[in-house]
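Note sheet for the following structure.
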Amino acid sequence: MIFGGKGGEQALAKFMKENFKLVKKLHRYAISSICDPVVKVATQILAGKVMMKCRADEVSVPVIALVAQCVEGVLFNWLDYLHGEFLENCHKA
């Protein structure tokens with residue numbers, strides 16, 4: 001999954017808000033607001049166990065989009081995702 005910068009993430013956010021009824025919290029979106037119970041539980045597991053950068057109750061839109069695709073059966077290469085996150089963090093540093 002590749003996001004086209006800030007504009008691409010804004011378009012994704014609009015789409016995800018409409019589909020999953022997301023509610024914005026202070027920094028990110030509340031996991032508790034996700035209307036699909038399977039996506040909600042999978043997001044909680046992913047945020048709590050795998051992605052330590054996320055808060056326990058808030059995640060970004062790309063994370064929810066990623067979980068939704070995995071729940072739908074889309075195979076995902078976690079190595080590519082983690083490598084992308086690593087490169088982004090290095091670039092910010």
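The values are calculated or read from the model by the stated rules, or taken from the named source; none is laboratory data. As the structure is a computational prediction, the values presented were derived from the model and not from experiment. Cβ placement follows ideal geometry from the backbone for every residue including glycine, while neighbour counts extend to all protein chains displayed. Just so you know, the surface numbers come from the protein's heavy atoms only, side chains and all, with ligands and any DNA or RNA stripped out. Shrake-Rupley method; radii C 1.70, N 1.55, O 1.52, S 1.80 Å.
For (1) open to solvent by 70 Å² or more (accessible area, probe 1.4 Å); (2) at negative phi; (3) at pLDDT 75 or above; (4) outside any helix (DSSP H, G or I), each residue gets a yes or a no:
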site	(1), (2), (3), (4)
ALA13	no, yes, yes, no
LEU22	no, yes, yes, yes
CYS35	yes, yes, yes, yes
VAL41	yes, yes, yes, no
GLN44	yes, yes, yes, no
ARG55	yes, yes, no, yes
VAL67	no, yes, yes, no
LEU82	yes, yes, no, no
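Scanning the stretch 69-80 for residues that are polar (S, T, N, Q), over 18 Å from ASN19 (Cα atoms) and surrounded by 10 or more Cβ atoms within 10 Å (Cβ to Cβ) turns up nothing. Per the listing LYS49, LYS6, the residue uniquely part of a helix (DSSP H, G or I), within 14 Å of the chain's Cα centre (by Cα), at pLDDT below 75 and exposed (fewer than 12 other Cβ atoms within 10 Å of the Cβ) is LYS49.
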